[in-house]
Structures are given as C-alpha cells and as structure tokens.
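Student: Okay, here's the structure, questions in a sec.
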Amino acid sequence: MDSSVKSFLLDVRAFANSFLSEYEPLVLVSAPLIALFVASMLQSALQVLHENGLKATLLGFFMSFVKLVPGVKSYIDAEKQKVVDKLQSGGKSVRESWRTELPSTGLGVGVIEQMKDEKRKDVAWQGKCSGAVYIGGSECEGHFSLINEACSMFAHTNPLHMDVFQSVVRFEAEVVAMTAAMLGSKKKSSGGQICGNMTSGGTESILLAVKSSRDYMKTTKGIKKPEMIIPESAHSAYDKAAQYFNIKLWRVPVNKEFQADVKAIRRYINRNTILIVGSAPGFPHGIVDPIEELGQLASSFDICLHVDLCLGGFVLPFANKLGYPIPPFDFSVKGVTSISADVHKYGLAPKGTSVVLYRNHDLRKHQFVAVTEWSGGLYVSPTIAGSRPGGLIAGAWASMISLGEEGYLENTKKIMEVSKRLQKGIEEIPELFVIGRPDMTVVALGSNVVDIFEVNDIMSSKGWHLNALQRPNSIHICVTLQHVPIIDDFLRDLTESVKTVKENPGPISGGLAPIYGAAGRMPDRGTVQELLVNYMDGAF
C-alpha cells in the first residue's frame with residue numbers, strides 16, 4: 001500500500017477514535033440499532049402511504065389515535081353493534097328456534113315433510129330476484145325437473161375416485177370441452193390447447209385462476225412478491241384471492257364508460273405484476289371491459305390476463321351470433337390466459353357449477369396439488385375441493401346437452417330483448433338514468449333527484465330483491481328467464497316507488513337506505529369492513 005494512503009487511513013482512524021471517545025459505549029452500540037428501527041418504520045410508513053394514498057393513511061392514523069382515548073373505542077363498538085343489530089333485525093328470533101343437537105329419535109322419511117314446511121317459509125323468489133335463479137318456469141317441472149333428476153341420479157358419486165365413477169369424469173370433461181368451444185377453443189388464435197376443470201362456482205374458478213397465475217409467474221419469471229391489478233368493477237372474489245394467496249391487490253378506478261381503464265392499469269404494472277383482470281361483463285353495470293386492449297397490455301409485459309365470464313359465458317357467445325354488437329372477449333383475443341364461466345347462471349345448471357379454463361396445460365398444471373410424502377399414499381387434486389359432488393357435474397352436463405345451441409340461442413334472445421325493454425323503461429322515468437351502456441342483461445340505475453337506496457327499500461316492500469351498489473350509489477337488476485313474463489310489473493312498481501320517494505323523501509321504517517348511504521359516505525373503510533365481518537359472524 002502506498003505510504004501516503006496508509007498515513008491518511010491512520011489519520012482517519014485516529015480522528016474517529018478521538019471523536020467517538022466522547023460517547024458512552026452503550027450509545028455507540030444502540031445508535032445504529034435505533035437508526036435501523038427508524039429507517040424500517042419510515043419505510044413501512046412510506047409503503048402504507050404508497051398503497052393507500054395520503055387521505056386514507058392520515059384517516060387510518062387518526063382513527064387509530066382516536067380509539068386510544070378512554071371510552072371512545074367502546075362507544076364506536078356500541079354504535080357498530082347497533083348497525084349490525086339493524087341489519088340482522090328479524091333474524092335473531094328466528095335463529096333461536098334452530099336446532100343445536102341431534103333429535104333423540106330420527107324422523108326417517110318424515111323429514112321430507114318438515115323440509116317442505118321450512119321451504120314454504122322462504123320468500124317468494126319467482127321473478128322477484130336480481131339474478132339468483134336463472135331457470136324459467138316452475139321448479140317442479142320442465143328444466144328444473146330435468147336437472148333435479150340428473151343430480152339425484154348421481155348424488156352419491158365423486159369424481160375424486162376416477163376409476164370408480166367414470167361417468168361423471170366424462171361428464172366433467174365434456175362440460176369443460178363444450179364451454180371451451182363456446183369461448184374460442186376452436187379458433188386458430190386460441191392455440192388449440194384450451195383446458196380446464198369444473199368448480200363449485202365463480203369464486204372458486206377465480207381463486208384457481210389467480211393461484212395458477214401466481215405460481216406460473218413465479219416459475220417463469222421468478223416473481224416472489226406477486227401483485228395483481230383489477231378495475232374497481234371487478235368481482236370481490238379477487239380480494240378474497242389476494243388474502244388467501246398473499247398477493248398485493250391494486251384496485252384501479254374505471255373510466256367514464258365504467259369500463260376497465262387500460263391506461264390507468266398500465267401505470268400500476270411493475271416487475272412484481274403477475275396478473276391483470278377484465279370482466280365480460282362486470283357484475284355491477286353489465287358492461288364488457290376492453291378485453292382486446294387488456295390483452296395487448298398483458299402480451300407486451302408478458303403477464304397473465306384473466307377474463308371473468310362468470311355472468312357472460314353462456315350469453316355473450318349466443319348474443320354475438322344473434323347479431324348484438326358484442327366486443328371480443330374470449331380466447332380468440334391474444335393475451336387472454338384464463339377464463340371463468342359459470343354454468344349455474346345462464347347455463348341453467350344446478351348450483352354451484354362453474355368452469356375455469358386456461359390457454360394451455362403449462363398454466364393449468366400450476367392449479368393442481370400433488371402430495372407424495374403422505375402415509376395415506378400418493379395424492380393429487382385438481383381443484384380446491386377434494387371430494388366433489390358428482391350430482392352437480394351430472395346436472396350441468398344434462399343442462400347443456402338438453403338445451404343445445406338452439407336452446408341457448410332462444411333463451412338469449414328472450415333475455416336480451418327483455419333487457420333492452422327494461423333499459424328503455426328506466427330511461428322513460430325522468431328521475432332515473434341507466435349507468436353506462438349495458439352490453440348484456442345486467443342493468444344498473446341511479447338518480448340525481450331521489451335517494452336510490454330509498455327507492456330500493458320501497459321496491460323491497462313490494463317483494464323485489466335487487467342489488468345495492470356503490471361508486472356511484474345505484475341499484476341493479478340481473479335479468480333472467482324468470483323476468484321475461486313480468487318485466488312490465490317491475491317497471492310499474494319502479495315508477496310507483498320513485499314517485500313515493502319523491503313525494504315523501506326519507507327512510508321508511510325498517511329500511512336499509514340510511515345504512516347503505518352512510519356506508520357509502522364513510523371515509524373510514526376499515527370501520528365498514530368491521531361492520532360486515534360482525535354481521536356475517538352473527539348470521540350463523
């Protein structure tokens with residue numbers, strides 16, 4: 001080492017020792033640790049600020065501080081309980097009569113009569129519900145009767161035992177293949193490898209698609225801190241997937257047409273992004289997202305794109321054939337890596353049956369779980385459930401085979417025509433407006449004149465069961481075959497309800513408008529979340 005450099009280093013050492021000799025050894029040891037702690041806290045604070053924004057972060061800090069004041073937390077908890085009690089009003093006394101243990105002597109076949117008695121207590125749902133029941137007609141005849149018989153015939157089967165129940169294994173494979181064919185598997189642009197499985201419903205299909213995308217991107221790109229980006233209108237199942245699979249979730253506001261904002265989503269993409277999402281249509285407003293643009297975005301960044309066709313899977317392909325202007329939405333779009341489609345909705349299959357599809361087998365393999373070190377033997381399972389109800393799979397197969405393309409075209413024609421009639425009827429009510437331009441059979445309505453949640457309460461008193469929405473405050477109806485013969489009754493009751501609220505504004509006794517309205521305005525979303533959890537916790 002050069003002598004001048006060595007001399008300089010010795011001088012630095014002597015100066016440092018002289019300077020530090022003025023401090024206690026404990027201070028010298030603890031200072032770096034304190035600095036590291038402060039830096040860690042600052043990093044955490046900046047991350048929370050980045051994820052939640054300045055307003056939400058300050059509000060969360062303020063609420064946490066306020067709850068430390070003696071008596072404040074107990075007051076807030078008491079007020080929350082009042083809201084929960086109101087939401088559960090009427091249900092508590094009913095639950096008190098529920099059984100809590102086995103009867104000493106079984107009822108045998110007499111249990112059927114008791115079940116019929118309980119069923120008679122259910123609310124009248126025929127044509128009165130938004131979505132919920134998609135099959136038309138009476139539940140004791142026609143298509144209802146057909147799928148019930150199919151379910152009953154295979155109620156004891158389980159496709160987990162592939163070597164035993166070969167019939168339901170075939171049914172599942174054919175349901176998946178037929179659904180895939182509807183959604184572009186026969187088109188050259190799909191790649192010719194579309195595959196998938198049946199699940200218990202749209203939520204499980206979405207969960208599996210997210211899980212598979214996460215693991216696929218970890219394998220192919222080494223992503224260990226996965227993030228996904230979804231529009232504000234995307235289904236809440238993605239929030240569930242994010243919590244279950246430890247994925248950072250970004251919810252991006254929609255554009256002025258209430259579609260996924262592709263430019264906004266682009267700004268959130270980074271090296272940890274595994275998945276973006278589009279819906280066809282979105283649950284709130286029945287509007288199809290720009291799937292082609294999302295596909296281009298996914299392809300350019302080499303990330304996954306899931307298309308939620310849970311509502312539209314058994315409508316959009318047939319609406320397209322009927323000449324409705326449906327934008328591209330399936331595997332014919334480059335960049336789409338997975339799709340979820342519910343058979344138990346417009347496929348008119350029994351609850352709960354859905355299909356999750358992948359562009360190729362490399363993606364789907366990450367859905368499976370294989371266990372080799374279990375004393376019970378070798379184990380492999382395709383979906384979240386191990387045992388699965390073969391009767392539901394058989395019912396879905398029976399529904400698709402019995403209706404065929406001709407049946408689905410006929411049904412789609414009916415519900416699309418009724419949906420257009422509904423939109424026109426809403427637009428003829430001066431106080432209301434349709435949100436966006438619905439592409440399918442979900443129609444959302446809002447108002448700048450009356451409280452739309454009060455309108456919903458009046459409609460509820462007339463027996464209608466609609467969905468309350470937020471951002472913006474609105475309600476929607478998902479049109480099914482049940483509504484075809486009674487859509488004029490709905491429009492008449494809606495007109496009367498709007499008139500009632502306009503002439504007598506204010507919440508009705510027992511109505512939920514104040515709660516919906518307050519929840520929508522409440523800036524502290526943590527409190528709203530706690531309300532929902534407490535409500536669910538007391539419901540069973």
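The values are calculated or read from the model by the stated rules, or taken from the named source; none is laboratory data. Just so it is clear, the structure is predicted and the values come from calculations on it, not from any experiment. As a convention, Cβ positions derive from the backbone with ideal geometry for all residues, glycine included, and neighbour counts pool all protein chains shown. Calculation scope for accessible area: heavy atoms of the full protein, side chains included, ligands and nucleic acids excluded. Shrake-Rupley method; radii C 1.70, N 1.55, O 1.52, S 1.80 Å.
Student: Any residue that is within 30 Å of THR179 (Cα to Cα) and open to solvent by less than 10 Å² (accessible area, probe 1.4 Å) - is there at least one of those in region 459-473?
Tutor: No - not one qualifying residue is present in region 459-473.
Student: From VAL176, VAL164, which residue is among the aliphatic types (A, V, I, L, M), touching a residue at least 60 places away in the same chain (Cβ under 8 Å) and surrounded by fewer than 24 Cβ atoms within 10 Å (Cβ to Cβ)?
Tutor: VAL176 is the lone residue from the list that is among the aliphatic types (A, V, I, L, M), touching a residue at least 60 places away in the same chain (Cβ under 8 Å) and surrounded by fewer than 24 Cβ atoms within 10 Å (Cβ to Cβ).
Student: When you check LYS248 against the structure, is it more than 24 Å from ASP330 (Cα to Cα) and surrounded by fewer than 19 Cβ atoms within 10 Å (Cβ to Cβ), yes or no?
Tutor: Judged against the criteria, LYS248 is a match.
Student: Would you check which residues across region 333-384 are part of a loop (DSSP other than H, G, I, E, B), at pLDDT 95 or above and hydroxyl-bearing (Ser, Thr, Tyr) and list them?
Tutor: The answer is THR337, TYR346, THR353.
Student: Let me ask something additional. Given the criteria assigned by the TED database to the domain that holds ARG388, assigned to a loop (DSSP other than H, G, I, E, B) and either open to solvent by 30 Å² or more (accessible area, probe 1.4 Å) or of a type outside the set (A, V, I, L, M, F, W, C) (or both), does LYS186 qualify?
Tutor: Here the answer is yes, as LYS186 does meet what is asked.
Student: Kindly provide the set of residues from region 199-222 that are touching a helix residue (DSSP H, G or I) at 6+ places or on another chain (Cβ under 7 Å), under 16 Å from HIS366 (Cβ atoms) and buried (at least 20 other Cβ atoms within 10 Å of the Cβ), ordered by number.
Tutor: Result: THR199, ILE206, LEU207, LEU208, VAL210, SER212, TYR216.
Student: Can you tell me which residues in region 340-356 are crowded, with 24+ Cβ neighbours inside 10 Å and either over 16 Å from ILE384 (Cβ atoms) or of a type in the set (Asp, Glu) (or both)?
Tutor: ALA341, ASP342, VAL343, HIS344, LYS345, TYR346, GLY347, LEU348, ALA349
Student: So, one more: Kindly provide the set of residues from region 286-320 that are open to solvent by less than 10 Å² (accessible area, probe 1.4 Å), over 25 Å from LYS225 (Cα atoms) and in contact with a strand residue (DSSP E or B) (Cβ under 6 Å, 6 or more places away or on another chain), ordered by number.
Tutor: Passing the criteria: GLY286, ASP289, ILE291, LEU309, GLY313.
Condition check ((1) under 25 Å from LEU316 (Cβ atoms); (2) outside the structural domain of ALA341 (by the TED database); (3) loosely packed, with under 14 Cβ neighbours inside 10 Å) across all residues:
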site	(1), (2), (3)
GLY376	no, no, yes
VAL380	no, no, yes
GLY395	yes, no, no
SER399	yes, no, no
LEU409	yes, yes, no
VAL418	yes, yes, no
GLY436	yes, yes, no
VAL450	no, yes, no
GLU454	no, yes, no
